[in-house]
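Bear in mind these aren't lab numbers, they're just calculated from the coordinates by the rules spelled out. Because the structure is a prediction, the values reported are computed rather than measured. Heads up, the Cβs are rebuilt from the backbone with ideal geometry, glycines too, and the neighbour counts pull from every protein chain shown.
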Amino acid sequence: MKVPSSRSLQTTIIFLVIGGILALALGGFFSSASNQFTSSLVDVQTWISSRYRGFQDFFTAPRDIVTLRTRNAELESQVSQLQAQVIELQQRVSETEILAALVDFSRSNPESTYKAAAVIGRDPSPFLDYIIINRGSNDDIRRGMPVVTNQGLVGRVDAVIADAARVQLITDPASVVNVRLQNAETDALLLGSVTGDISLDLISQNVTVEPGDLVLTSGLGGGYPPDLILGQAVTIRTLEYELFQQATVQPAVDFTRLEIVLVITNFRPVDITPLVPETTP
Amino acid sequence: MVQSAIVSQFSLLSGYADLILVLLAAWALQSRVTSAWQWAFLAGIFVGFLTHMPWPVVAAGYAIVVFMAQLLQQRVWQAPLLAMFGVTFLGTLITQFLAFAFLSLTGTSLDFGEVLGLIMLPSLLLNMLFAIPAYTLMRDLARWVYPSEETE
């Protein structure tokens with residue numbers, strides 16, 4: 001019988017050991033050990049990689065910083081431009097909303113023709129309540145034309161040049177508007193004041209005026225078309241020894257926020273002074 | 001235009017600052033300036049163009065301001081800021097009173113008590129606030145327009 005050589009016996013034993021280890025590994029008996037081994041391998045790999053990256057950054061950083069700074073400046077410039085655009089667009093949105101409201105108003109009152117105008121200034125004198133609009137005779141604006149917004153009557157055109165006009169507000173101390181109280185069905189006068197408040201005068205003592213009564217233009221005197229909203233009566237002052245009642249009025253229009261107004265261009269004020277009889281002494 | 005578009009939008013009670021009056025007073029108080037009268041007249045015309053108030057009323061008010069400025073400048077030359085305050089104070093009251101008188105005479109019903117409390121005094125306060133910056137600005141402008149001659 002042939003005795004196996006020691007060399008082939010060694011080889012056989014090695015194979016058996018390796019095969020056994022593989023079988024155990026495949027069976028999952030070496031999982032914890034292999035996990036620890038692989039995690040340590042990963043740690044070493046990470047350490048080597050980070051050191052290399054640091055070494056690489058050391059030589060490439062100056063170039064990157066300049067690039068980053070340039071890019072940062074460009075982005076900041078773009079942000080500033082975009083912010084300016086956002087502000088401009090917000091203003092346009094606000095103007096568009098105002099114009100949309102005015103278009104709705106003009107559509108609901110088709111009997112009048114309107115010309116929109118922007119308010120570009122106010123009277124420099126604190127005693128007077130006038131605004132300046134950017135439409136004038138070149139746009140068929142004439143003196144005496146009423147000016148409104150979707151909220152109500154603003155005033156009337158007082159003076160006109162080619163590209164601008166001055167509008168007397170109803171809050172001006174010299175402004176007088178013939179009005180009608182809708183519920184009370186009576187006529188009165190609406191007067192402006194130096195404080196910017198408006199009030200009613202010459203209300204007959206025989207009429208009962210309630211707070212909240214709507215004040216509209218009456219059309220009397222030919223200065224304004226009828227049925228334009230002015231505001232609502234707020235407080236009524238009735239004194240028995242006086243000839244007439246007075247009332248304060250909450251205006252329908254916010255005169256501190258006038259931006260865009262409508263000029264009624266198909267209304268011509270009527271001058272009735274020739275019809276007023278002269279009083280002979 | 002700045003007065004009409006911007007300054008007139010900011011009111012205290014019912015009063016506004018009159019930037020033109022303050023700048024005119026400051027300009028007239030500069031010792032090197034000789035053109036204050038012309039500027040007062042021009043300012044009166046331009047403001048009269050914008051406002052419903054007749055331009056002679058406005059121009060007369062500004063002319064009085066220039067006159068007071070030149071009078072005080074000769075007498076209070078060592079205290080220019082005091083002169084500036086004095087001209088602003090009196091100039092505001094006089095121009096406002098001129099406007100009140102004109103409107104009252106032409107039929108506008110105005111209560112003097114209301115006008116004083118709601119327009120004149122707030123406008124005065126606002127003008128006084130603008131007085132020092134206006135004086136500083138006009139002083140620098142006068143030095144630039146009329147440089148002093150160097151004498152050897």
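Computed over neighbours whose Cβ is under 9 Å from that of A:Arg166, the net charge equals -2, Lys and Arg +1, Asp and Glu -1.
Listing A:Leu230, A:Leu239, B:Leu81, B:Leu21 from fewest to most neighbouring C-beta atoms within 10 Å gives A:Leu239, B:Leu81, A:Leu230, B:Leu21. For segment A:232-244, putting each phi into the Karplus relation 6.51 cos²θ - 1.76 cosθ + 1.60 with θ = phi - 60° gives couplings of 10, 5, 10, 10, 10, 10, 10, 10, 4, 7, 9, 6, 9 Hz, in residue order, rounded to whole numbers and with x for Gly and Pro.
Taking other C-beta atoms within 10 angstrom as a stand-in for reagent exposure, A:Glu210, A:Glu240 fall in the order A:Glu240, A:Glu210, fewest first. Rounded to the nearest 10 degrees, the angle from helix A:6-26 to the longest Cα principal axis of chain A is 20 degrees.
At 222 nm, what helix-only mean residue ellipticity would chain B give, in deg cm²/dmol to the nearest 500, using -39500 (n - 2.57) for each DSSP H run of four or more? Calculated from helices alone, the mean residue ellipticity at 222 nm is -22500 deg cm²/dmol. Working from Cα pairs under 8 Å separated by at least six residues, relative contact order for chain B is 33 percent. How much net charge surrounds A:Gln250 when only the other residues with a Cβ under 12 Å from the Cβ of A:Gln250 are counted, with Lys and Arg +1 and Asp and Glu -1? That works out to -3. Kyte-Doolittle mean at least -1.0 and Cα extent at least 24 Å along the axis: which DSSP H helices of chain B qualify? Span-like helices, by this rule, are B:55-75, B:80-105, B:121-145. Counting neighbouring beta carbons within 10 Å and listing from fewest to most, the residues B:Asp18, A:Asp123 come out as A:Asp123, B:Asp18. By its C-alpha gyration tensor, with a ≥ b ≥ c as the square roots of the eigenvalues, how is segment A:32-108 shaped: rounded for a/c under 1.5, else prolate for a/b larger than b/c, else oblate? Judged from the Cα gyration tensor, segment A:32-108 comes out oblate (a/c at least 1.5, b/c at or above a/b).
Would segment B:4-152 count as rounded, prolate or oblate if I go by the C-alpha gyration tensor, calling it rounded below 1.5 in a/c and otherwise prolate when a/b exceeds b/c, oblate otherwise? Taking the square roots of the gyration eigenvalues as a ≥ b ≥ c, segment B:4-152 is prolate.
Close amide H contacts of A:Ala159 (hydrogens built in the peptide plane, cut-off under 5 Å, sequence separation of 5 or more or a different chain): A:Arg166. By DSSP, the beta bridges lying fully in segment A:116-268 are antiparallel in about 100 percent of cases.
The chymotrypsin sites (Phe, Trp or Tyr not before Pro) of segment A:176-278 that meet both conditions, a loop assignment by DSSP and at most 10 other Cβ atoms within 10 Å of the site Cβ, are A:Tyr241. Axis angle, to the nearest 10 degrees, between helix A:31-108 and the longest C-alpha principal axis of chain A: 10 degrees. Global dimensions of chain A from alpha-carbon coordinates: Rg and Dmax equal 43.8, 168 Å. The sum of -39500 (n - 2.57) across all DSSP H runs of n ≥ 4, divided by the residue count of chain A, sets its helix-only mean residue ellipticity at 222 nm to -13000 deg cm²/dmol.
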